[in-house]
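K.L.:
What follows is a single structure, and I will ask about it in a moment.
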Amino acid sequence: MSLNEQQIERYSRHIILEEIGGIGQEKLLASKVLIVGAGGLGSPAALYLAAAGVGTIGIIDADRVDLTNLQRQIIHHTSDIGVEKVKSAENKIRAINPDVTVKTYHQFAKADNIREIIRYYDFVIDGTDNFPAKFLINDACYFEKKPFSHAGILKFYGQLITVLPSKTACYRCIFNAPPPAGVVPSCSQAGVLGVLAGVIGSLQATEAIKYLLDLGKLLTNTLLTYDALEMDFRAVKLSRNPNCPLCGENAEITELKDEEQPVCDLKNCKC
Amino acid sequence: MKLIVNGKEDNLVEGLTVSQLLIEQKVKMPEMVSVELNGRILKRSEFENTTLNEGDKVEFLYFMGGGNVTK
């Protein structure tokens, strides 16, 4: 694949970078990234990856756009309320960059469909909002040997880590299993500063591009935590956990399964 | 004794266990925290019997979903 004149102009600020150049840009155009969740994290990730010219972007999301999403899920506009999130995201991506092929999956990521979907992609971005999905993505990427960026946000805090399965610490190396039922309040009770999703989702997109172009040092074996109130970033060093139930020495998890959603109701919540 | 907790030096009483440190640091929901001690992730069952020593580096790593409370 070689770049046409329009593309040379569109991507000129990339191409001028010695580390990217025309070859790097062509690589991006030939790359495929899957974004699981077109929400707070997935929005900026999808917008920047589209603008960057990542040739194929897949988006999984079973939801429709809701008024409460618009405070942070910047790929969706007021006029999209009620529209499938994957459709809304697809429209924006196409509007930004017609070079991008968008594949949409209007469904929940589940144990019985996710491996087949991620197999097609080079890199996965976890932009989900719940723990069962986060564990499912971690495990599916392990079995399919796909690199991915994990992230989470709450209130004024965010964190992310890049995982190269079997090579670097995975999500289960840190968090063995989802938190027990009854301790996790639902998302709407805690709140989140909207722009936080923009910061963390953009960092996830950065990691995707670095991985695709083999640039710099990835955020592996390191959990980057961000405190917006203190404006403090910390890199917490980690290593693979020999007791990890997925990638450890005596791994017990040998196949994908759906974890239960441990969300408690308000009455029984300890928060 | 001096410990480094989440990157910050803190002065704490001798002989503290990881479970006690979680209480001392006012972690409201310990079920939502993984603990890394000097670079090693502890099993939950080790919290009770692991005694901390001068200079130990402890990290509390919080579960974060999409706007879930962990502190």
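K.L.:
Among the numbered criteria (1) part of a helix (DSSP H, G or I); (2) at pLDDT 95 or above; (3) within 12 Å of chain B (Cβ to nearest Cβ), which single criterion is violated by A:GLN189?
P.N.:
Failing condition for A:GLN189: (2).
K.L.:
Which residues, taken from the range A:218-245, are of a type in the set (A, V, I, L, M), surrounded by 13 or more Cβ atoms within 10 Å (Cβ to Cβ) and either on the phi > 0 side of the Ramachandran plot or more than 12 Å from chain B (Cβ to nearest Cβ) (or both)?
P.N.:
A:LEU218, A:LEU219, A:ALA228 - these are the residues of the range A:218-245 that are of a type in the set (A, V, I, L, M), surrounded by 13 or more Cβ atoms within 10 Å (Cβ to Cβ) and either on the phi > 0 side of the Ramachandran plot or more than 12 Å from chain B (Cβ to nearest Cβ) (or both).
K.L.:
Considering every residue within the range B:23-37, establish whether at least one is modelled with pLDDT of 95 or more, surrounded by fewer than 15 Cβ atoms within 10 Å (Cβ to Cβ) and of a type in the set (D, E, K, R).
P.N.:
No: the range B:23-37 contains no residue that is modelled with pLDDT of 95 or more, surrounded by fewer than 15 Cβ atoms within 10 Å (Cβ to Cβ) and of a type in the set (D, E, K, R).
K.L.:
Of the residues A:ASP122, A:ASP129, which single one is touching a Gly at 6+ places or on another chain (Cβ under 7 Å), in contact (Cβ under 8 Å) with a residue 24 or more places away in the chain and either β-branched (Val, Ile, Thr) or at negative phi (or both)? If you could, list the steps in order and put the result at the bottom.
P.N.:
Details: A:ASP122 fails: touching a Gly at 6+ places or on another chain (Cβ under 7 Å).
Residue meeting the stated conditions: A:ASP129.
K.L.:
Name the residue, out of B:GLU31, B:GLU59, that is closer than 22 Å to A:PHE135 by Cα, in a strand (DSSP E or B) and of a type outside the set (Phe, Trp, Tyr). Explain how you work it out, then say what you get.
P.N.:
Details: B:GLU31 fails: in a strand (DSSP E or B).
Within the list B:GLU31, B:GLU59, the selection yields B:GLU59.
K.L.:
I've got another one for you. Out of curiosity, is A:THR225 assigned to a strand (DSSP E or B), within 19 Å of A:GLY152 (Cα to Cα) and of a type in the set (S, T, N, Q)?
P.N.:
Working: assigned to a strand (DSSP E or B): yes; within 19 Å of A:GLY152 (Cα to Cα): yes; of a type in the set (S, T, N, Q): yes.
Answer is yes for this residue.
K.L.:
Residues of the range A:123-137 being buried (at least 24 other Cβ atoms within 10 Å of the Cβ) and of a type in the set (S, T, N, Q), which ones?
P.N.:
Within the range A:123-137, just A:THR128 meets the criteria.
The values are calculated or read from the model by the stated rules, or taken from the named source; none is laboratory data. Please read all numbers here as calculations on a predicted model, not as lab measurements. As a convention, Cβ positions derive from the backbone with ideal geometry for all residues, glycine included, and neighbour counts pool all protein chains shown.
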